[in-house]
Amino acid sequence: MSIVGSSEFNGNTETVNRQVGTIIELDSVSKTYLHSHHALLNVNLQVQKGEFLFITGASGSGKSTLLKMLYGAELPTQGKVIVDNINVATLENYSLSLLRRRIGIVFQDYKLIPQRTVAENVTFVLQAQGYTRKEIQRRLEPTLKLVGLLSKADRFPDQLSGGEQQRVSIARAIVGTPPLLLADEPTGNLDPDNSWQVIQIFQKLNSFGATVIITTHDEQLSR
Ligand code: ADP
Ligand code: MG
């Protein structure tokens with residue numbers, strides 16, 4: 001597994017609200033699943049706020065495991081995982097849910113709710129978090145616009161292409177404006193054109209100040 005940063009994006013001087021400091025730190029992290037070999041062995045990593053990183057590696061090299069530890073879906077067997085100055089392993093359920101509000105997550109398989117429209121898929125998390133109807137409306141339009149789906153707000157997922165569905169899932173991940181975006185093989189089911197669109201959206205979000213980490217087994221894409 002290897003990690004490729006992109007100083008091109010870090011060097012963007014037009015960025016607003018660029019924050020400084022460390023957002024992620026992995027300190028001698030190993031992960032062993034039950035009845036399994038090491039998924040990760042002694043990983044050290046520091047990510048600065050505002051970075052744009054690709055994590056590349058073959059299937060089975062531990063990319064998903066690494067991301068899962070960042071949002072607390074898996075705990076390290078050894079070592080420390082610090083996100084936003086918090087040791088993820090020490091969090092109780094409630095604090096973990098608060099941390100997760102500060103992390104947008106995008107998956108390879110979109111995970112949209114088929115019976116809900118694009119707009120509903122994007123906003124239901126905000127509803128669950130108690131945002132007011134007015135605040136939700138205020139956030140919905142610019143978010144859909146950013147992913148190029150404003151005109152499809154009332155469609156259902158099965159009326160969209162794969163690329164559009166992935167852009168809905170990105171909208172859902174960013175509508176709460178989290179400072180950290182994690183995407184696990186977000187282009188894994190997409191053709192090159194749609195993959196590139198998705199990467200460009202992440203670049204734009206990075207230029208607005210978000211820290212972005214994308215895993216891929218496609219080295220060409222990260223280049
Ligand atoms: P990648 O995302 O790079 O394909 P993963 O993080 O999914 O890699 O998996 C890394 C290793 O951990 C693999 O050997 C995989 O079989 C193993 N693994 C992943 N999840 C589990 C699990 N829940 N239980 C047991 N082994 C797992
Ligand atoms: Mg994976």
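Observations
- Filter result for the condition that a residue is touching a residue at least 12 places away in the same chain (Cβ under 8 Å) and of a type in the set (Lys, Arg), over Arg116, Arg133: Arg116
- Gln166 being among the polar types (S, T, N, Q), touching a residue at least 40 places away in the same chain (Cβ under 8 Å) and under 19 Å from Arg116 (Cα atoms): yes
- Test: residue in segment 172-185 that is of a type outside the set (A, V, I, L, M, F, W, C), at pLDDT 95 or above and within 16 Å of ligand 2 (Cβ to nearest atom): yes
- Test result for Val106, out of contact with any Cys (no Cβ under 7 Å at 6 or more places or on another chain), of a type in the set (A, V, I, L, M, F, W, C), closer than 21 Å to Ser195 by Cα and assigned to a strand (DSSP E or B): yes
- Helices (runs of 4 or more DSSP H) completely within segment 121-221 that count 3 or more residues being assigned by TED's automatic domain parsing to the domain that holds Met69: 192-207
- Annotation note: Cβ proximity below 7 Å between a residue of segment 17-46 that is aromatic (Phe, Trp, Tyr) and a residue that is within 16 Å of ligand 2 (Cβ to nearest atom) and part of a strand (DSSP E or B) (sequence gap 6+ or interchain) occurs for Tyr33/Ala39.
- Exactly one residue out of Thr117, Thr123, Thr132, Thr143 is among the β-branched types (Val, Ile, Thr), at pLDDT 95 or above, farther than 30 Å from Ser61 by Cα and surrounded by fewer than 17 Cβ atoms within 10 Å (Cβ to Cβ): that is Thr132.
- Matching residues in segment 77-93 - criterion: being farther than 18 Å from Thr22 by Cβ and exposed (fewer than 12 other Cβ atoms within 10 Å of the Cβ): Glu92, Asn93
- A count restricted to segment 44-103 and to residues that are within 16 Å of ligand 1 (Cβ to nearest atom), in a strand (DSSP E or B) and under 18 Å from the mean Cα position of the chain (by Cα) stands at 6.
- Every condition in (1) closer than 26 Å to Gly163 by Cα; (2) of a type in the set (S, T, N, Q); (3) free of Cβ contacts under 8 Å to residues at least 60 places away in the same chain is met by Asn87 except one, and the failing one is (1).
- Asn17 vs. criteria at pLDDT 85 or above and surrounded by fewer than 16 Cβ atoms within 10 Å (Cβ to Cβ): no
- Sub-9 Å Cβ pairs linking a first residue in segment 178-205 that is closer than 17 Å to Val147 by Cβ to a second residue that is of a type in the set (Lys, Arg), at least 6 apart or interchain, are Pro178/Arg100; Pro178/Arg101; Pro178/Arg102; Asn194/Arg167; Gln197/Arg167; Val198/Arg167; Ile201/Arg167, ordered by first then second residue.
- The listed residues are Ser161, Ser222, and the only one of them that is touching a residue at least 12 places away in the same chain (Cβ under 8 Å), away from ligand 2 (no atom under 16 Å from the Cβ) and of a type in the set (Ser, Thr, Tyr) turns out to be Ser161.
- Residue in segment 181-197 that is of a type in the set (S, T, N, Q) and within 16 Å of ligand 1 (Cβ to nearest atom) present: yes
The values are calculated or read from the model by the stated rules, or taken from the named source; none is laboratory data. This one's a predicted model, so the numbers in the text were calculated from it and none came from an experiment. FYI the Cβ positions are ideal-geometry reconstructions off the backbone, even for glycines, and counts take in every protein chain you see.
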